[in-house]
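No lab work stands behind these numbers, since they all come straight from the coordinates. Just so you know, these numbers come straight off a predicted model, no measurement behind them. Every residue, glycine as well, gets a Cβ built from its backbone with ideal geometry; the counts of neighbours run over all protein chains shown.
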Amino acid sequence: MDNAQSMTADYPDQLWRPLTQHAALRGTTPPQMQSAKGCTLTMNNGAQLLDGLAGLWCVNIGYGRREIAEIAARQMEQLNYLAPVMACEPTLALAEKMQTMLGFKCHSYFSSSGSEANEAAFKIARQYHLQNGKPGDNRYKIISRYRAYHGNTAGAMAATGQAERKTGSEPGPAGFVHVMPPYPFRAHPKLSTLEHGAECARLLEEAIIHEGANTVAAVIMEPMMSGGGVIVPPDNYLPLVRQICDRYGVLLIFDEVVSGFGRLGTMFGYEHWATEADIYTFAKGLSSGYFPMGATVVKDHVFTGFDGAPDSMRHLRQINTFGGHPVGAAIALEAIAIVEREGLAGNAREQGDHVRDVLGRELGQHPHVGEIRGLGMLTGIELVEDRESKVPLGEAKIMQILASCMGDGVILGRNTNTVPGRCNILLIAPPLVVTRDEIDRIAAAVTKALKSVA
Ligand SMILES: Cc1ncc(COP(=O)(O)O)c(C=O)c1O
């Protein structure tokens, strides 16, 4: 890779990078990025890389937006911080904007990340049941799915269903239960996709029954699983999950940290399945990576479950120092306005459908391509040794594919430290501003890389 090779002078490097084996970097200077614009990162040696992953699929509006920088500067001068027990114009406006966009009455609790947004969702669900449950209820369990990622804080990691992420930090907190997600590519061959969706929903119901429904507070899931491998659920799955949650009085949390604000070609992921949750969590696209920001958005029937006399201790006993940060809120408002103004969900749909078409034509019959799938601007390519056995492709070839793309100036992702031996899904998720020319360059780099390992 030309870009990396030109950066290998010895250099003191005290930065501990996530998910990185530093021994392999010792004695080298890993590439440094200097600036970015649109979908392109520029390194300090001038080399340019097309970011096929939008950072961590968060820079939805693209890099280097002057309008955001100006708004941030103005807000910093005017009111750079406010304790979140108080309110200011941008934060109130953002909470109102969430309600307008979602189209139902809700309240937003702001924090600084997706992990914190999910932690708040779990606490809200548990306290809600404590205060509103039937006599004899003890609803504290959170059910999530294997393969899912929900964040790195204690509760969010406990809800995460990725064995490799958790090894070394377990045991985590009690009260978290996992079920299998739908996974059409690896479903029982005798089941149709819809039968598979119904079966996975049935197994969720069985888990609730076997745990004891009166111990279950909430089910959390992404509408479409992203980091766990870009797994599009069968059309009947989310509606069935909704019905099951209603049947057993369990709250449904949609983790829209990735799918919120246009990524799946709709403003919110759940729109694809016309299924609503009780609680939604957001981060990433909320501020498009211009400010660390998370939100836990709660429908009114949950919010009013915290009503009570001032001394009743029914209020939410939770605070984040940087929650509802005025600068973050001002930035998020503008980032969302850009997504709306520039029709970025529509562009995500158009360019996403296009890239899956192109890749399907070029690689549909490739021996190592098991499936090309996704929605909007989030595409996964499941790599296999061969299409019959579906054995996940070995690490060496996956690394070769990623290196080939890098050599062509394209950053791609893959699911990392997910399920042991099953980190075999390539991820394509550039900023939603991606142009036809850029997405074609990404498709060409992926095609070339895969042809080189056939
Ligand atoms: C679906 C999902 N939920 C939650 C998180 C956690 O977000 P954060 O890294 O901002 O804490 C992530 C992060 O990738 C995610 O993909």
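Structure above, values below:
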read-out	value
Long pairs among LYS390/LYS451; LYS37/LYS284; LYS141/LYS284, criterion Cα-Cα beyond 21 Å	LYS141/LYS284
Extension gain, LEU15 back to THR215 (0.36 nm per residue minus Cα-Cα distance, nm)	67.7 nm
Relative contact order for region 67-341, counting Cα pairs under 8 Å that sit 6 or more residues apart, in percent	29 percent
Note, ³J(HN,Hα) from phi for region 437-453, Karplus 6.51, -1.76, 1.60, rounded to Hz, x at Gly and Pro	5, 5, 5, 5, 5, 5, 4, 5, 5, 5, 4, 4, 4, 5, 5, 6, 10
Span from the region 343-387 Cα centroid across to the region 67-90 one, whole angstrom	40 Å
Extended-chain gain in nm, criterion 0.36 nm per residue less alpha-carbon gap, ARG26 and SER389	126.8 nm
Qualifying lysines (Cα of each under 27 Å from Cα of LYS134; at least 8 residues distant if same chain)	LYS105, LYS123, LYS299
Ranked list, fewest to most other Cβ atoms within 10 Å of each Cβ, for SER404, SER115	SER404, SER115
Cα-based Rg and Dmax for region 174-257, where Dmax is the largest Cα-Cα distance (Å)	12.6, 36
Centre separation in Å (Cα based) which lies between region 99-134 and region 424-440	32 Å
Proxy reagent accessibility, fewest Cβ within 10 Å first, across THR40, THR321, THR160	THR321, THR40, THR160
Extension gain from ARG74 to ASN152, taking 0.36 nm per residue of separation minus the Cα-Cα distance	24.8 nm
Amide H contacts of GLU385 (H built 1.01 Å from N, under 5 Å, at least 5 apart or other chain)	VAL391, LEU393
CD proxy at 222 nm, helix term only [per DSSP H run n ≥ 4: -39500 (n - 2.57); per residue of the chain; nearest 500]	-11000 deg cm²/dmol
Gap separating the Cα centres of region 207-280 and region 293-321, nearest whole Å	22 Å
Peptides ranked, highest mean first, by Cβ atoms within 10 Å: ranges 423-433, 91-101	423-433, 91-101
Antiparallel %, DSSP beta bridges [both residues in the chain], to 5	65 percent
DSSP bridge pairs, region 219-308: antiparallel proportion in percent, nearest 5	45 percent
Under Karplus coefficients 6.51, -1.76 and 1.60, residue-wise ³J(HN,Hα) of region 147-161 in Hz, glycine/proline x	6, 6, 10, 10, x, 10, 7, 3, x, 5, 6, 5, 6, 4, x
19 Å reach of a label modelled at ASP235, 7 Å along Cα-to-Cβ, counting backbone N of region 356-395	373-376
Separation of the GLN243 and ASP307 label points, Cα + 7 Å toward Cβ, nm	3.2 nm
Ranking of PHE104, PHE176 by count of other Cβ atoms within 10 Å, fewest first	PHE104, PHE176
The chain: proportion of alpha-carbon pairs further apart than 43 angstrom, %	13 percent
Per-residue ³J(HN,Hα) for region 69-75, Karplus 6.51 cos²θ - 1.76 cosθ + 1.60, θ = phi - 60°, Hz, x for Gly and Pro	4, 5, 5, 4, 5, 4, 5
